[in-house]
Amino acid sequence: MTIRIPLGLDNYVLTQENKERQVVWDSESAINGHMLIAGDSGTGKTHRLRRLIEAMLRNGGSQVRFHIFDIHGDITISNESVVKFSETTDYGFNPLAINPDPDFGGVRKQIQRFITGINKTSRKLGPRQEAVLRYLLSDLYKAHKFMEDDPSTWCIRPEDVQAVSMVGKEGRIYLDVAFEEKDLAKSLGCQWDTELKAWWIHQGQHVGQLCQWPEKIWGKYQPTLLDAVRFARRKLEAIFIGANSVAVNYLSDVNSKASAYHRKVAEALRRGHEPEDKDKLLEQLATAQEKAISAYSQYLKSIQNGREMAEVLRYDSVEVLKSVYERLENLRAIGIFRSAVPPFDPNAAVWRYDIKYLAPDERLLFVFFKLEDLFNKAVQRGVVSNDNKIRDVILIDEAHNFFTDDEDNILNRIAKEARKFGIALICASQSPTHFSSDFLTNVALKIMLPLDLTYWEGTARKLNIEKDQLKNLIPRETALVHIKESGRKSSKFRTIKLSQ
């Protein structure tokens with residue numbers, strides 16, 4: 001379906017010939033759906049962005065899904081579906097989810113995407129950290145039965161999902177609580193199911209502090225960032241004290257029992273009497289100690305195969321592994337990497353991602369991983385039947401925050417490669433000098449609102465615009481536009497009188 005957007009009246013025809021000639025962007029004639037809007041603060045960028053989206057919806061874009069990444073929270077569109085993202089929201093996306101496509105997906109590609117995303121922030125991983133993180137994620141996927149060299153394991157089949165009987169357990173939510181977190185879970189009201197060996201709460205209680213644990217999934221599932229944090233901690237503990245995960249679990253239980261015993265003894269002594277259940281507590285502690293000793297003995301005997309030392313060497317050192325663990329924990333604390341899917345309305349054409357509450361590095365990660373996901377899904381759907389057909393529109397406000405000149409920058413890749421997969425990219429900023437050459441040379445529609453005078457020289461040089469054209473623009477009244485159209489010679493920028 002053709003999408004047509006009226007931009008405004010040709011100012012030359014209006015003033016010289018006293019005629020009204022509408023300048024129109026047409027998806028059939030434009031070389032792609034990519035657009036750029038640049039203008040100083042207060043010149044109406046946000047208003048123009050809204051007008052563009054509304055015009056696309058009115059004029060043939062009703063079957064298109066719009067993804068608006070809004071860092072100020074002010075690009076509101078009628079009938080939109082908006083979701084706010086912050087460290088306190090219960091939903092987000094899983095940066096470790098495997099794309100099952102044998103050509104575009106897989107374990108290695110997902111590990112590389114995750115590492116690349118982290119390295120887009122102001123705190124890049126060092127070479128040793130990157131190597132350890134790669135090993136860690138590879139082992140994590142293997143533990144979840146996703147094998148690097150076996151594409152048949154990259155998906156979750158019906159038989160991989162474990163059937164669990166919930167007869168008599170209706171109204172319960174089971175949580176994925178780690179062993180070392182069981183005391184905290186109990187203190188927050190979680191109850192232990194002795195049959196299913198899992199912690200649970202009642203429906204409606206999954207709020208507040210309890211949101212730190214996702215709902216438990218039975219059987220094979222995509223590993224999450226929380227799984228990566230727990231896995232890294234287990235590796236760190238095993239290497240640090242020289243034990244496997246079973247032994248570490250029993251050691252944690254010993255510490256827990258010892259803490260409980262000394263806490264109750266201290267409380268009783270403050271009251272001036274012996275604790276009533278002292279013998280029971282000592283018996284529990286002794287049992288836990290025996291289990292730990294047995295586990296460590298078995299571990300020491302197993303060292304004969306030599307794999308344990310290889311794992312220590314694989315993970316470099318306690319210091320490097322600890323730094324990777326802390327980095328993963330900090331990423332998890334951001335709150336955007338959760339397994340619960342954001343509650344967007346599937347019937348709404350416009351999805352707005354309100355990311356104003358995220359810090360700059362957090363926004364970078366959010367936009368990078370989400371754009372990677374959108375692009376990969378578009379590629380997986382295949383090439384559109386009509387070169388100019390648009391299926392998804394991505395709008396990035398203050399886009400200079402996310403652009404670099406790197407070829408692997410996801411925005412540059414979308415600008416160069418996404419047209420044939422049905423993606424249009426709309427970017428807004430205060431100056432075109434903020435954008436990469438890859439984007440500027442591939443964008444079909446450029447709209448220049450009045451710019452700050454400090455950008456006139458660079459803009460005129462970069463876009464081959466006469467400097468006087470920039471000087472003469474009137475805020476909220478006139479703009480410069482340039483449309484690249486198939487089969488036509490490149491034209492110059494022309495002044496338009498903006499539609500209000």
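The values are calculated or read from the model by the stated rules, or taken from the named source; none is laboratory data. Just so it is clear, the model here is predicted, and its values are computed rather than measured. Positions of Cβ are generated from backbone atoms using ideal geometry, with glycine treated the same way; all protein chains shown enter the neighbour counts.
Here are the numbers for this structure:
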item	result
Failed criterion for residue 398 (all others in (1) of a type outside the set (Phe, Trp, Tyr); (2) closer than 21 Å to residue 32 by Cα; (3) at pLDDT 90 or above hold)	(2)
Segment 160-169 - residue that is of a type outside the set (A, V, I, L, M) and either in contact with a helix residue (DSSP H, G or I) (Cβ under 7 Å, 6 or more places away or on another chain) or farther than 23 Å from residue 96 by Cα (or both) and, of those, surrounded by the most Cβ atoms within 10 Å (Cβ to Cβ)	169
Selection within segment 214-223 - surrounded by 15 or more Cβ atoms within 10 Å (Cβ to Cβ) and touching a helix residue (DSSP H, G or I) at 6+ places or on another chain (Cβ under 7 Å)	214, 220, 223
Residue satisfying condition, being in contact (Cβ under 8 Å) with a residue 12 or more places away in the chain, over 20 Å from residue 330 (Cβ atoms) and within 20 Å of the chain's Cα centre (by Cα), within set 144, 72	72
Selected residue (only one of 157, 172 is closer than 24 Å to residue 209 by Cβ and either of a type in the set (Lys, Arg) or in contact with a helix residue (DSSP H, G or I) (Cβ under 8 Å, 6 or more places away or on another chain) (or both))	172
Matching residues, segment 261-281, being surrounded by 14 or more Cβ atoms within 10 Å (Cβ to Cβ), part of a helix (DSSP H, G or I) and free of Cβ contacts under 8 Å to residues at least 24 places away in the same chain	264, 265, 268
Filter result for residue 44 (farther than 23 Å from residue 418 by Cβ, within 32 Å of the chain's Cα centre (by Cα) and surrounded by 17 or more Cβ atoms within 10 Å (Cβ to Cβ))	yes
Strands (runs of 3 or more DSSP E) completely within segment 1-80 that count 2 or more residues being of a type in the set (A, V, I, L, M)	4-10, 22-26, 35-38
Every residue from segment 72-90 that is β-branched (Val, Ile, Thr) and in contact with a Pro (Cβ under 9 Å, 6 or more places away or on another chain)	83, 89
Helices (runs of 4 or more DSSP H) (entirely within segment 421-472) containing at least 2 residues that are within 17 Å of residue 405 (Cα to Cα), at pLDDT below 95 and in the same structural domain as residue 39 (by TED's automatic domain parsing)	437-442, 456-463
Condition check for residue 403: within 29 Å of residue 358 (Cα to Cα), assigned by TED's automatic domain parsing to the domain that holds residue 28 and surrounded by 19 or more Cβ atoms within 10 Å (Cβ to Cβ)	yes
Selection from segment 64-89 of residues that are among the β-branched types (Val, Ile, Thr) and surrounded by fewer than 16 Cβ atoms within 10 Å (Cβ to Cβ)	76, 88
